[in-house]
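Asker: Could you have a look at this structure, given as structure tokens, before my questions?
Just so you know, all these numbers are worked out from the coordinates, no wet-lab data involved. Remember, it's a predicted structure, so these values are computed and weren't measured experimentally. Methodologically, a virtual Cβ is constructed for each residue, glycine included, from the backbone with ideal geometry; neighbour enumeration extends over all protein chains shown.
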């Protein structure tokens, strides 16, 4: 059961990463793109569960807090995608998910459960993303952040789907 949950989370991470990377270069949000964001955010929710389960034993308190923040952030983003909450909550949901992701990186780094290069891409995406989001002149950083996140997250999905001896 746990192996299936981890693999499902890994597959969701691969899809979320690919779609998030691609969505980074799409034009301004429209109805169709908002549907894509909903799919991505649901995949982020599912993948967060699988990634947590993958390193649950070694994650400790930091990993548990990371998981809780990622789930909360994803749920806020999903509520925004469904228009349950206004568009103005995107920065809040994104920030909560990003803080959870950074804590996940710390837990993974400590427990050596994922390759370091993946973790570096993920944390780099959370550093440059807010700069690009809040600085109109540096919007290219937000795009780069989405691409880095996409590569890192999809790669994390591949890593947890592989048998341990192939990682």
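Asker: Quick one: 102, 41, fewest Cβ neighbours within 10 Å first, how do they rank?
Answerer: Fewest-to-most ranking of 102, 41: 102, 41.
Asker: Additional query: If you build a Gaussian network model of the chain, linking Cα atoms that sit under 10 Å apart, which residue out of 136, 115, 91 swings the most?
Answerer: 136
Asker: Would you compute, from DSSP H runs of 4+ residues alone, the mean residue ellipticity of the chain at 222 nm, taking -39500 (n - 2.57) per run and dividing by the full residue count, rounded to the nearest 500?
Answerer: Numbers: 5 runs with 137 residues, N = 167.
Rounded to the nearest 500, it is -29500 deg cm²/dmol.
Asker: Find the centroid of the Cα atoms in segment 72-100 and in segment 13-59, then give the distance between the two in whole Å.
Answerer: Taking the Cα centre of each part, segment 72-100 and segment 13-59 sit 12 Å apart.
Asker: Based only on other Cβ atoms within 10 Å, what is the fewest-to-most ordering of 155, 88, 135, 48?
Answerer: Arranged by neighbour count, lowest to highest, 155, 88, 135, 48 become 88, 135, 155, 48.
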